[in-house]
Amino acid sequence: MQDNIFLVGLMGAGKTTVGRLLAKHLGYDFYDSDHEIEHRTGVRIPLIFEMEGEEGFRKREAMIIDELTQLGPIVLATGGGAILQQENRDHLRERGTVIYLAAKVHDLWQRTRHDRNRPLLQTENPRARLEQLHGQRDPLYREVAALVVETGGQPVTQLVHHIESLLNTRRTVQQHANP
């Protein structure tokens, strides 16, 4: 399962887009934990938040992450808040390589400002909410990540090639350290 790759980061960081292409390049199966929750419940995440609250959603998310991280080899795009629970951080760290797709708040705002499927941004000042989430979650993303990759305006293919290069370098170093 160490070949598994788990992408973490705030909403709009590109986890799903990057994850899909990375999985295709590596010949891995791709999963998105949010999409998996929607598929299994038959409803969109905003409705789950409305009916069960964030706590109910986080319980569903923890079960999905526990299940998916036991598969392999996979690329998994996690929801932005998945790292809030210690159990999820442990499963991600122990069962694969965690990559934090780090993005500036301005870029995240540009990518998410018209998206109505983001329950945590349905506030009077969504940009301020993004800044708050970034401040709260960035240390947790960095804690769990083996690799931190800055995302900006570069094309997705370039980003995926960069990640593949980092993963290859990491594998080579690990092989030399543990012959």
Checklist line | Relative contact order (%) - criterion: Cα under 8 Å, at least six apart; region: the chain | finding: 32
Note to self: Tell me the mean residue ellipticity at 222 nm calculated for the chain from its helices only (DSSP H runs of n ≥ 4, each -39500 (n - 2.57), averaged over every residue, nearest 500).
What the structure shows: -19000 deg cm²/dmol
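Pulled fully out, how much extra length does the chain show between Asp138 and Glu124, if you take 0.36 nm times their separation in residues and subtract their Cα-Cα distance? List each step's numbers first, then the result.
Numbers: separation 14, 0.36 × 14 = 5.04 nm, distance 2.27 nm.
Roughly 2.8 nm would be gained on extension.
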Item checked: Projected-area average for the chain over all orientations - Cα convex hull basis, square nanometres -> 10.1
Check: Among all the lysines, which ones have a C-alpha under 22 Å from Lys59's C-alpha, if same-chain residues fewer than 8 places away are not counted?
Finding: Lys15
Notebook entry, point to check: If we sort 164-175, 7-18, 125-136 on the protection proxy, mean other Cβ atoms within 10 Å, highest first, what's the order?
Noted result: 7-18, 125-136, 164-175
Checklist line | Hits among aspartates and glutamates - C-alpha to C-alpha of Lys24 under 20 Å, sequence gap 8 or more where chains match | finding: Asp3, Asp32, Asp34, Glu36, Glu164
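Using a Förster distance of 35 Å, how high is the FRET efficiency between Gln175 and Gln85, based on the Cβ-Cβ distance and rounded to 0.05?
Values: r = 32 Å, r/R0 = 0.93.
Result of the calculation: an efficiency of 0.60.
Assuming R0 = 45 Å, what is the FRET efficiency of Glu52 and His25, from their Cβ-Cβ distance, to the nearest 0.05?
Once the sixth-power term is evaluated, E becomes 0.80.
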Item checked: Inter-site label distance for Lys59 and Thr41 at 7 Å from Cα along Cβ, in nm -> 1.2
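Read the figures in this text as sums done on the coordinates, not as results from a lab. Everything numeric in this text was worked out from a predicted model, so none of it was measured. Here Cβ is always computed from backbone atoms with ideal geometry, including for glycine, and neighbour counts include all displayed protein chains.
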